[in-house]
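This report refers to the structure that appears directly beneath it.
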Amino acid sequence: MLNISNNQLYKTVDLKSFKSGKNIFSKEYYKALNKFLLIFAFIGLIALFLPWTQNISGKGLVTTLALGQRPQAIQSQIPGRIEQWFVREGDFVKKGDTIAIVSTARKVSKEELAPAIALVKSWGLKVFLGISIEAEEHQYSGDDDLRTSDFQNMLDNPNINAIWCARGGYGTVRIIDYLDYTKFINHPKWIIGYSDVTVLHSHIHQFGIETLHAQMPVSIETKSASTIKSIKKVLFGEDYSIEIFPDDNNIQGIASGQLIGGNLSILYSLCGSPSAINTQGKILFIEDLDEYLYHIDRMLQNLLRNDYFEGLEGLIVGGMTQMHDNDIPFGKNAAEMILDICSGYDFPITFNFPAGHLEDNQALILGRKADLMVNKNGVILSFKE
């Protein structure tokens, strides 16, 4: 074997005389081996065309973009896993950062923004006005292309730390599908506003990124001190919760889940679109302004038919402001309609929450996990870090 001896064993011993030798040198053995190799090669060829993670194509929304939602590998001598992230992407601003003010809907003047600009500067932040400010096309702050370009620039600009929508009205839905969110997803920043801005809140929620439902610059000087304080707290990453007195219509209970929602009319209009929200296991917030009572019922019925209340953890009802009725009364107010719609479900509901088209319009962190407690003593909404 090692060529140490000149005596060659295979020349003096007939290996075929042994049973093992017969098996090895038989034609049947080679046939069996060839058959095995052929079958193995055939199976391997088929396996190459089977679907697997590298060749399956599909369509859908990416929902694990935030740090806490995607697997993170760490090098450590002690094995373990990350239970909680204490730093989030795009979580807060600091003094010296820049807030952009743009309008995605109705036109607005610099004069109307003066109080908000002064407020932001008093917080030690810089202000950058987009080209949509003072632009005009009928009721819009410039045409769709201008508003789209303005908002896109703010999304992509790394020197902009937050985007504050100047006012509501109508028009955000006309630009939502023309925006490219690639850079924003990689480097999130606060999107701030309410009412018509619910379009942005709902659409961005699909990416797993938090947004801020809060008062907009126009008319901020007419709002409560708690309204302004709430925006500052969230922007600068301070601990934040809201406590209010009980309401006679409240349904008591405890809920926990991501807070989502916004303006009822906008949520209703987004049903069936790529911007529609999934309410499963979440806490839904709704508010509205200047609607007829029958239309409130129509919108609630549509949410019901779209399973918005199935699997819901809790419901927060903000301002249902300046509701109208017909000459022939509808017969129920907004709270009564909501209680009727939700009568078949078992989740807590709180009414007259200080958010929406109200003087006291406190900030809500949409997309963040929150705890809702509704009891006879009051209501507490606290946001988890």
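The values are calculated or read from the model by the stated rules, or taken from the named source; none is laboratory data. Keep in mind it's a predicted model, so treat the numbers as computed, not measured. Glycine also receives a Cβ, built like all others from the backbone with ideal geometry; neighbour counts cover every protein chain displayed.
Across segment 244-288, the qualifying residues are those that are under 18 Å from CYS342 (Cβ atoms) and among the β-branched types (Val, Ile, Thr), and the one among them that is surrounded by the fewest Cβ atoms within 10 Å (Cβ to Cβ) is ILE254. Within segment 265-279, residues that are at pLDDT 95 or above reach partners that are in a loop (DSSP other than H, G, I, E, B) with beta carbons closer than 6 Å, at six or more positions or on different chains, in the pairs LEU270/ALA276; CYS271/ASN306; THR279/TYR308; THR279/LEU312. If the condition is being loosely packed, with under 13 Cβ neighbours inside 10 Å and part of a strand (DSSP E or B), then segment 289-333 contributes only HIS324. Residues being more than 16 Å from GLN362 (Cα to Cα), under 16 Å from the mean Cα position of the chain (by Cα) and not in a loop (DSSP other than H, G, I, E, B): count how many of those fall in segment 202-255. Final tally of qualifying residues: 4. For segment 135-166, a residue qualifies if it is under 26 Å from the mean Cα position of the chain (by Cα) and either among the acidic types (Asp, Glu) or not assigned by TED's automatic domain parsing to the domain that holds LYS94 (or both), and the qualifying residues are ASP144, ASP145, ASP150, ASP156. With the structure loaded, tell me whether ALA118 is part of a loop (DSSP other than H, G, I, E, B) and over 26 Å from the mean Cα position of the chain (by Cα) or whether it fails that test. Answer is no for this residue.
A search for C-beta distances below 8 Å between a residue of segment 237-254 that is over 14 Å from PHE353 (Cα atoms) and in contact (Cβ under 8 Å) with a residue 24 or more places away in the chain and any residue that is assigned to a strand (DSSP E or B) and aromatic (Phe, Trp, Tyr), counting only pairs 6+ apart in sequence or on different chains, returns TYR240/PHE383. Every condition in (1) in a strand (DSSP E or B); (2) assigned by TED's automatic domain parsing to the domain that holds ILE163; (3) not acidic (Asp, Glu) is met by GLY261 except one, and the failing one is (2).
This table checks each residue for (1) over 22 Å from GLY261 (Cα atoms); (2) among the charged types (D, E, K, R).
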position	(1), (2)
ASP145	yes, yes
THR148	yes, no
ILE191	no, no
LEU200	no, no
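Of the residues making up segment 144-184, those that are surrounded by fewer than 16 Cβ atoms within 10 Å (Cβ to Cβ) and either acidic (Asp, Glu) or in contact with a Cys (Cβ under 7 Å, 6 or more places away or on another chain) (or both) are ASP144, ASP145, ASP156, ASP177, ASP180.
Among residues of segment 339-363 being under 25 Å from the mean Cα position of the chain (by Cα) and outside any loop (DSSP other than H, G, I, E, B), the one that is surrounded by the most Cβ atoms within 10 Å (Cβ to Cβ) is THR350.
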